[in-house]
Amino acid sequence: MKLRTAPPAALAALTCAALVSGCFGGADEAAEREPIRGHVLRLYASRPTEGPSAATGRAVAAGERQALADAGGKAGRYRVRLVELSASKLGAGNWDPGQVSENASRAAKDRRAIAYVGELNLGASAISVPVTNEAGLLQVSPTDGLASLTEQPPRSAAGPERYFPSGRRTFLRLVPDDIVEARLLVDRMEALGVERPALIVGTGVYARELAAEVVAEARKRGIEPAKTEDLRDDPDTVLNAARDLADLPPDSEPDAVVLTLARDRYTAQMLAELGRLLPQAELLTGDGILVGQPLVAAEGSTPPAVEAVAPQPPPGPSRVLRRIAHEQGTQLASPAALWGYEAVRVVLDAIRAAQRGGRPADRIDVVRAALTPRVRRSPIGTYQVRRNGAVEGLPMALYRLSGDRFELVRTLSEGRFSPR
């Protein structure tokens, strides 16, 4: 591959990206600094309270509360109060984009707000990040792997800059992004001998981006998708997608179906139809379907064989989960709580670091501290923080649907850091 020399303007931008102080400094910084007066800071946390991911939301919230309790409710000289917000509208049955926007706006307008933890649903952070970024708030997502929040996805004209109107990065995620997920899905296709995969693409930016990443990676390895079915939020498209794939000519019939979507009320029905109409096809998906176990099949149907690629919780017993079980109830002590716990720890550590030298905390220093490249040892594992808000070193795993639950099969990628 021939390398081209970047123009001077591009080199300047790259220099800023390589030097954290340059990206967070400049002539405007002094004017934008506004240390928070008093000794109380507010930490906002947004989570779904309805729909398939509500149980995950409850566990993550328990982890957030536990992290703050373990810190004595303080970070340095400041007391920190957790403000929990629902990302769902009453009766909507899922997270709601309008509610996410309201949550972010509420935090952005609060002069005592120091950070925002959210979102949990895949792609939902694309709504809140521009709002919190404009206010200079650090945002930490425990579980949103949307790649375009931190880097340029393949086959996409728009990169992360669309989410950061201030021109500064203020977002950190705590899971591998969906580019990693796509690569591992294609690895699995190769291992299974798949030659003609079809894709079923859900609604929303996460589903579209993951589909594009899977297609790009598959084509690089000589695997050409047979067909792509786009879903809408209604049961007819769910049933039609399976039927349309089953009606393809024999020489075009897919030998695998990759589902790039987040779980909703129609997912179990669609999986049952795929298993019934395409019994020989491998069914593969990402972590969007694992959210909110169990996955109850339609009445009278047999759950199909489905494999999923998703982040792997740390092995062995967890002291954090034992404390959550003891203090908040065993039903909340699921592995998802560890991601909520670590998200709040990241924020508290950043607040402490922002006070070094006796300075009062302000949003700029908190963001800078959170995005400083470093290795963190945490309840979710040891990982490397990158300047762009991504993390490396956390393992992904293969899961298989067994009855109504996905069971861990094996690790697919060992945690490791790559130099940059």
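The values are calculated or read from the model by the stated rules, or taken from the named source; none is laboratory data. Predicted model, so just to flag it, every value in this text is computed and none were measured. Neighbour counts are summed over all protein chains in view; Cβ atoms, including those assigned to glycine, are modelled from backbone coordinates with ideal geometry. We work out accessible area using only protein heavy atoms, side chains counted, and drop any ligands, DNA or RNA first. Shrake-Rupley method; radii C 1.70, N 1.55, O 1.52, S 1.80 Å.
Numerical summary
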{"item": "Residue match in the range 81-90 (condition: part of a helix (DSSP H, G or I), out of contact with any Lys or Arg (no Cβ under 9 Å at 6 or more places or on another chain), within 25 Å of Thr203 (Cβ to Cβ) and open to solvent by 20 Å² or more (accessible area, probe 1.4 Å))", "result": "no"}
{"item": "Pairs with Cβ under 9 Å, 6+ apart, first in the range 33-46 and under 30 Å from Trp339 (Cα atoms) and assigned to a strand (DSSP E or B), second aromatic (Phe, Trp, Tyr) and at pLDDT 95 or above", "result": "Val40/Tyr78; Leu41/Tyr78; Leu43/Tyr116; Tyr44/Tyr116; Ala45/Tyr116; Ser46/Tyr116"}
{"item": "Residues of the range 312-332 that turn out to be open to solvent by less than 30 Å² (accessible area, probe 1.4 Å) and either under 18 Å from Asn121 (Cβ atoms) or not in a helix (DSSP H, G or I) (or both), as a count", "result": "3"}
{"item": "Any strands (runs of 3 or more DSSP E) falling wholly within the range 346-420 and containing at least 2 residues that are touching a Pro at 6+ places or on another chain (Cβ under 6 Å) and hydroxyl-bearing (Ser, Thr, Tyr)", "result": "405-413"}
{"item": "Residues of the range 98-123 satisfying the condition of being under 19 Å from Val60 (Cβ atoms), open to solvent by 10 Å² or more (accessible area, probe 1.4 Å) and out of contact with any strand residue (DSSP E or B) (no Cβ under 8 Å at 6 or more places or on another chain)", "result": "Leu122"}
{"item": "Set Arg386, Arg377, Arg345: member being under 20 Å from the mean Cα position of the chain (by Cα) and without any contact (Cβ under 8 Å) to a residue 12 or more places away in the chain", "result": "Arg377"}
{"item": "Hits in the range 266-277 (condition: open to solvent by 10 Å² or more (accessible area, probe 1.4 Å) and not basic (Lys, Arg))", "result": "Tyr266, Ala268, Gln269, Ala272, Glu273, Gly275, Leu277"}
{"item": "Strands (runs of 3 or more DSSP E) contained in the range 192-265 and holding at least 1 residues open to solvent by 20 Å² or more (accessible area, probe 1.4 Å), among the hydroxyl-bearing types (Ser, Thr, Tyr) and under 21 Å from Ala305 (Cα atoms)", "result": "227-230"}
{"item": "Tally of residues being open to solvent by 20 Å² or more (accessible area, probe 1.4 Å), small (Gly, Ala, Ser) and modelled with pLDDT of 95 or more across the range 51-72", "result": "3"}
{"item": "Pick from the range 124-157, criterion in a loop (DSSP other than H, G, I, E, B) and open to solvent by less than 20 Å² (accessible area, probe 1.4 Å), ranking: nearest to Val80 (Cα to Cα)", "result": "Leu137"}
{"item": "Condition check for Gly357: under 24 Å from Glu151 (Cβ atoms) and either open to solvent by 50 Å² or more (accessible area, probe 1.4 Å) or modelled with pLDDT of 95 or more (or both)", "result": "no"}
